[in-house]
Amino acid sequence: MPNFSLCYRDPKQRFSVMIIEARSLIHARLKATLSAQNGGMAFTEGHKLSADMAPLVQSGRVLSEAEAMELLSRLKPVALGGGSKK
């Protein structure tokens, strides 16, 4: 099952990133909400982690600020299907 990084931000502009193992992004968000790991923060973005990144992260934990910045700097944008081709 893939891992997802979920990014959250609070009104004071602090952020949090957690790693969740789930079938899809929406499933990861639901698991984080039900486990109260999001700390009441607002969801801002989520990313499916590539298979080569999976060994570098531990599912089910909240990353420190330094770890979060490192992970976010390594993420590559993924093109989503469904767009029109020119």
>> All but one of (1) buried (at least 17 other Cβ atoms within 10 Å of the Cβ); (2) more than 11 Å from Ser59 (Cα to Cα) hold for Ala42; state the number of the condition that does not hold.
In response: (1)
>> List the residue pairs whose Cβ atoms are under 6 Å apart, where the first residue sits in segment 28-47 and is touching a residue at least 40 places away in the same chain (Cβ under 8 Å) and under 11 Å from Leu6 (Cα atoms), the second is in a loop (DSSP other than H, G, I, E, B) and not polar (S, T, N, Q), and the two are 6 or more positions apart or on different chains.
In response: His47/Leu75
>> Give all pairs with beta carbons closer than 6 Å in which a residue from segment 4-15 that is under 12 Å from Gly40 (Cβ atoms) meets a residue that is hydroxyl-bearing (Ser, Thr, Tyr); count only pairs at least 6 apart in sequence or on separate chains.
In response: Tyr8/Ser16; Arg9/Thr44
>> If I ask for residues that are assigned to a loop (DSSP other than H, G, I, E, B), farther than 13 Å from Val62 by Cβ and open to solvent by 60 Å² or more (accessible area, probe 1.4 Å), which ones from segment 2-39 would you list?
In response: Pro11, Lys12, Gln13, Arg23
> Is there a residue being assigned to a helix (DSSP H, G or I) and closer than 11 Å to Phe15 by Cα anywhere in segment 45-63?
Replying inline: no
> With (1) modelled with pLDDT of 85 or more; (2) among the hydrophobic types (A, V, I, L, M, F, W, C); (3) within 12 Å of the chain's Cα centre (by Cα) as the list, and Ala42 as the residue in question, which single condition is left unmet?
Replying inline: (3)
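The values are calculated or read from the model by the stated rules, or taken from the named source; none is laboratory data. Just so you know, these numbers come straight off a predicted model, no measurement behind them. As a convention, Cβ positions derive from the backbone with ideal geometry for all residues, glycine included, and neighbour counts pool all protein chains shown. The protein model used for the area step is the full one, side chains on, heavy atoms only, and it has no ligands, DNA or RNA in it. Shrake-Rupley method; radii C 1.70, N 1.55, O 1.52, S 1.80 Å.
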